[in-house]
């Protein structure tokens, strides 16, 4: 079951870094993005909300 917050769904995507490694990024979106998959909340994180825009983001708990 993907995590949602105020109509935004949490997605994850693996990106390639310039040094050849990969890193998983997490982001919220109301619409279905071109790449990425719905995901559950990662361990050790909580949802914060930007005061000026109202957009949710992940922060360490």
**OP:** For the chain, would you read off the P(r) tail past 13 Å as a percentage of all alpha carbon pairs?
**Re:** 64
Original post:
Over the chain, what is the relative contact order in whole percent, taking alpha-carbon pairs under 8 Å and six or more residues apart?
Top reply: 31
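None of the figures in this text is laboratory data; all of them are computed from the coordinates on show. Everything numeric here is computed off the predicted structure, so don't read it as measured data.
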